[in-house]
Amino acid sequence: MKWIGVVDTMFARVDMGAIALAALRVKPDFGVRFDISRRTVPGIEDLAVAAKRMIQLDGCEIVLALGMVGAAELDRASAKQADTGIMMAQLMTSVPILGVMVHEVESQGDEARLLAICEARCSSHALNAHDMLFDPASLVARAGQGVRQGAADAGPIAATPWKTDANVTI
């Protein structure tokens, strides 16, 4: 049985963990069973340690670290520290931790837009985490396509004649 970890924060104005869990629960499992471990921490700077503990103690093979970044400069500085901590935890454990940050400034003060960004980003990254474990070829098939989570896809710059088969090993 594989485990997917979901860690979120109390600071967020949306229950980001619940969004990720809902997305994972509706994902067809293609015959592969997985369980979910969830934790909640006070703020984004606490995400890295919680994710690392989920890997080491719960046996998670991938973790979603979900956080909301406030609009103040201090919040943006905290986000940079949180991101660095998440990168360090990944390197220490050799396990992917998908940092999923939603910045309040993205919504330009529109709470409905903030909610929509949270829903799109959290659910998309949850499905990406699933696919990283169980269907990595589907990610390869989307390489270079300008796919975005929480915003409209940017699309590819041009056709990619050099595109390879997802199952090629070099």
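Annotations for the structure displayed:
- Residue tally, condition part of a loop (DSSP other than H, G, I, E, B), surrounded by 13 or more Cβ atoms within 10 Å (Cβ to Cβ) and not charged (D, E, K, R), over segment 95-143: 2
- Filtered residues of segment 41-51 (kept if over 15 Å from the mean Cα position of the chain (by Cα) and either part of a helix (DSSP H, G or I) or of a type outside the set (A, V, I, L, M, F, W, C) (or both)): Pro42, Gly43, Glu45, Asp46, Val49
- Under the condition of being touching a strand residue (DSSP E or B) at 6+ places or on another chain (Cβ under 9 Å) and assigned to a helix (DSSP H, G or I), the residues counted in segment 70-84 number 6.
- Any hit, segment 6-27, residues being in contact (Cβ under 8 Å) with a residue 40 or more places away in the chain, of a type outside the set (Val, Ile, Thr), part of a loop (DSSP other than H, G, I, E, B) and open to solvent by 80 Å² or more (accessible area, probe 1.4 Å): yes
- So Gly67, is it among the small types (Gly, Ala, Ser), at pLDDT 95 or above and part of a strand (DSSP E or B): yes
- Test: residue in segment 118-133 that is modelled with pLDDT under 95, in contact with a strand residue (DSSP E or B) (Cβ under 9 Å, 6 or more places away or on another chain), among the aliphatic types (A, V, I, L, M) and farther than 28 Å from Ser37 by Cα: no
- Failed item, numbered, when Ile62 is tested on (1) modelled with pLDDT under 95; (2) closer than 21 Å to Gln149 by Cα; (3) open to solvent by less than 70 Å² (accessible area, probe 1.4 Å); (4) not basic (Lys, Arg): (1)
- Residue match in segment 86-94 (condition: part of a helix (DSSP H, G or I), under 16 Å from the mean Cα position of the chain (by Cα) and farther than 25 Å from Leu133 by Cβ): no
The values are calculated or read from the model by the stated rules, or taken from the named source; none is laboratory data. These figures come from a predicted structure and were not determined experimentally. Methodologically, a virtual Cβ is constructed for each residue, glycine included, from the backbone with ideal geometry; neighbour enumeration extends over all protein chains shown. These area figures cover heavy atoms from the full protein model, side chains too; ligands, DNA and RNA do not enter into them. Shrake-Rupley method; radii C 1.70, N 1.55, O 1.52, S 1.80 Å.
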